[in-house]
Amino acid sequence: MHDLGKLEYESGCASCHGLSGKGDGSLRNHLTKPPSDLTTLAKRNGGAFPTQLVWEMIDGRSSTDMFWYGSREMPVWGLRYRVDAMKDPATMGQPEWYACGRIVARLDDLARIQQE
């Protein structure tokens, strides 16, 4: 059985970052910038998982201004999740909570696949 974070990753991230998280997804060759190896985020950050940075990359709503030099190839998941929440009567009253919950699930999954 899959957990929510794993399902989020498989449905939204694996096509670019690969099922293993190593940046070897099926769409890799179609991207301008190769996708990151998500299994080494902590290693590249001195051994600590960079929660805030990864949150901002996944959410994308605050970081879009940083991409003035070119397009952001990674989807702005925070916006997509808000839009999804607004379409569902069960979540439309709390769209930001819904978006945050989905991002937290992805963060949890990414934290679990970190290599030492």
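The values are calculated or read from the model by the stated rules, or taken from the named source; none is laboratory data. Here the structure is a predicted model, which means the values were calculated and not measured. Don't worry about glycine lacking a Cβ; one is built from the backbone with ideal geometry, like all the others, and counts go over all protein chains shown. The protein model used for the area step is the full one, side chains on, heavy atoms only, and it has no ligands, DNA or RNA in it. Shrake-Rupley method; radii C 1.70, N 1.55, O 1.52, S 1.80 Å.
Of all lysines in the structure, those lying under 28 Å Cα to Cα from K22, and not within fewer than 8 positions of it along the same chain, are K6, K33, K43.
Helix 95-112 and the longest principal axis of the Cα set of the chain meet at an angle near 20°. Each residue, C100 and S11, gets one label point 7 Å from its Cα in the Cβ direction; the gap between the two is 2.1 nm.
For a modelled paramagnetic label at F49, 7 Å from Cα along Cα-to-Cβ, the residues of segment 85-116 in reach, with backbone nitrogen under 20 Å, are 98-116.
Can you tell me how much longer the chain between L31 and E73 gets when fully stretched, taken as 0.36 nm per residue apart minus their C-alpha distance, in nm with one decimal?
That works out to 14.4 nm of additional length.
Taking all protein chains as they are arranged and a probe of 1.4 Å, the heavy atoms of E73 leave approximately 80 Å² accessible to solvent.
Which of S15, V104, G93 sits closest to the plus end of the dipole of the chain, meaning its Cα is farthest towards the positive end, when Lys and Arg get +1 and Asp and Glu get -1 on the C-beta? Among S15, V104, G93, the one farthest towards the positive end of the dipole of the chain is S15. Note on the chain: the C-alpha convex hull projects to 8.1 nm² when averaged across all orientations. For V76, the solvent-accessible surface computed with a 1.4 Å probe is close to 40 Å², ligands and nucleic acids excluded.
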